[in-house]
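Please read the structure below before turning to the comments.
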Amino acid sequence: MRKPFIAGNWKMHMTVREAEELVKAMKPGLEEVSGVEKAVCPPFVDIPAVAKILKGSSVKVGAQNMHWEESGAFTGEISPLMLQGLCDYVILGHSERRKYFGETDEGVNRKVKSALAHGLAPIICVGENLEQNEEGLTSQVVRGQVRADLNGLTPGQVAGLVIAYEPIWAIGTGKAATPDYAEKVIRDDIRGTIAEVFGRDAAERVRVQYGGSTKAANIESFMVMPDIDGALVGGASLKAAEFVEMIRLAAKVKGA
Ligand code: 13P
């Protein structure tokens, strides 16, 4: 049984004070829901304040990125040692990092290995852009990302991962993928590739989220899909009531 998992990616939103207000507003509602794992992923500078408010609660904290090295001359970067103790999760390879900051599958793979070595659970993002989608390259792109990003991991490590399938054309556009489409890519291309490379057990145990214009009005349609274990939520995770509602609905559909 894979535990459903809804995480909020706040992206570059929320000052420390705003982050404190947001997380205080959502905490009671999130705490009421069981059977679904929940996390918020604020910007780095907000993490200590958010982690303090959520300490001892059932809501976990994630970062949105990290460097693979523990320390060094890497101006502007944050290391896994700095996140240890503050975060449970770290989002790696988000399409915005790949697009605007030149992240490659090779770099994502180094980060995944470093996160695992430091006890941080990666949420690895994959997904095709609009052009690739229109040219019928989705399978090829997603399969290639999965192979490259997980290269060198053990089946046991892969089984414990979270992968977020985020078709780039669905992110922030209000045009979510159809649940059938997301289910097919997740089942055939993500679990399919993992089964080929790491075995069926890992493919069945790895948790896979869908991300891209999810909201309270459509979360149930994704959660009913057998291979979709949750969502990586962007814009809707910045609204306390909506995010709580999404988690309630996810629990209603798939809560343990
Ligand atoms: P939206 O939910 O705003 O489309 O963002 C999705 C996303 O990129 C989450 O990582």
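The values are calculated or read from the model by the stated rules, or taken from the named source; none is laboratory data. Everything numeric in this text was worked out from a predicted model, so none of it was measured. Note: ideal-geometry Cβ built from the backbone for every residue, glycine included; neighbour counts use all protein chains shown. To get the accessible areas, we keep the full protein, side chains included, count just its heavy atoms, and leave off ligands, DNA and RNA. Shrake-Rupley method; radii C 1.70, N 1.55, O 1.52, S 1.80 Å.
Things to note:
- Within segment 144-173, the set of residues being out of contact with any helix residue (DSSP H, G or I) (no Cβ under 9 Å at 6 or more places or on another chain) and either aromatic (F, W, Y) or open to solvent by 10 Å² or more (accessible area, probe 1.4 Å) (or both) comprises just one member, T173.
- Of residues in segment 33-59 being free of Cβ contacts under 8 Å to residues at least 24 places away in the same chain and among the charged types (D, E, K, R), the one surrounded by the most Cβ atoms within 10 Å (Cβ to Cβ): K52
Here is a yes/no grid of residues against (1) within 22 Å of G119 (Cα to Cα); (2) over 18 Å from the mean Cα position of the chain (by Cα):
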{"site": "L30", "(1), (2)": "no, no"}
{"site": "A39", "(1), (2)": "yes, no"}
{"site": "S58", "(1), (2)": "yes, no"}
{"site": "G62", "(1), (2)": "yes, no"}
{"site": "N65", "(1), (2)": "yes, no"}
{"site": "T75", "(1), (2)": "no, yes"}
{"site": "P80", "(1), (2)": "yes, no"}
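- The lone exception for E128 - which of (1) within 24 Å of R110 (Cα to Cα); (2) open to solvent by 10 Å² or more (accessible area, probe 1.4 Å) it fails: (2)
- T15 vs. criteria loosely packed, with under 13 Cβ neighbours inside 10 Å and under 18 Å from G235 (Cα atoms): yes
- Residue list for segment 60-99, filter: crowded, with 20+ Cβ neighbours inside 10 Å and over 27 Å from N129 (Cβ atoms): V61, P80, L83, C87
- Looking at N133, N109, N129, just one residue is more than 24 Å from I6 (Cβ to Cβ) and under 16 Å from the mean Cα position of the chain (by Cα), and that residue is N109.
- Subset of segment 135-184 [touching a residue at least 40 places away in the same chain (Cβ under 8 Å), among the small types (G, A, S), within 16 Å of the ligand (Cβ to nearest atom) and assigned to a loop (DSSP other than H, G, I, E, B)]: G172, A176
- Against the criterion of being surrounded by 15 or more Cβ atoms within 10 Å (Cβ to Cβ), modelled with pLDDT of 95 or more and small (G, A, S), A117 does not qualify.
- Residues located in segment 203-243, provided they are more than 18 Å from A159 (Cβ to Cβ), more than 10 Å from the ligand (Cβ to nearest atom), open to solvent by 10 Å² or more (accessible area, probe 1.4 Å) and assigned to a helix (DSSP H, G or I): E220, S221, A240, A241, E242
- Residue that is nearest to the ligand (Cβ to nearest atom) [pool: residues in segment 100-114 that are surrounded by fewer than 20 Cβ atoms within 10 Å (Cβ to Cβ) and among the hydroxyl-bearing types (S, T, Y)]: Y100
- Test: A250 is part of a helix (DSSP H, G or I) and in contact (Cβ under 8 Å) with a residue 12 or more places away in the chain: yes
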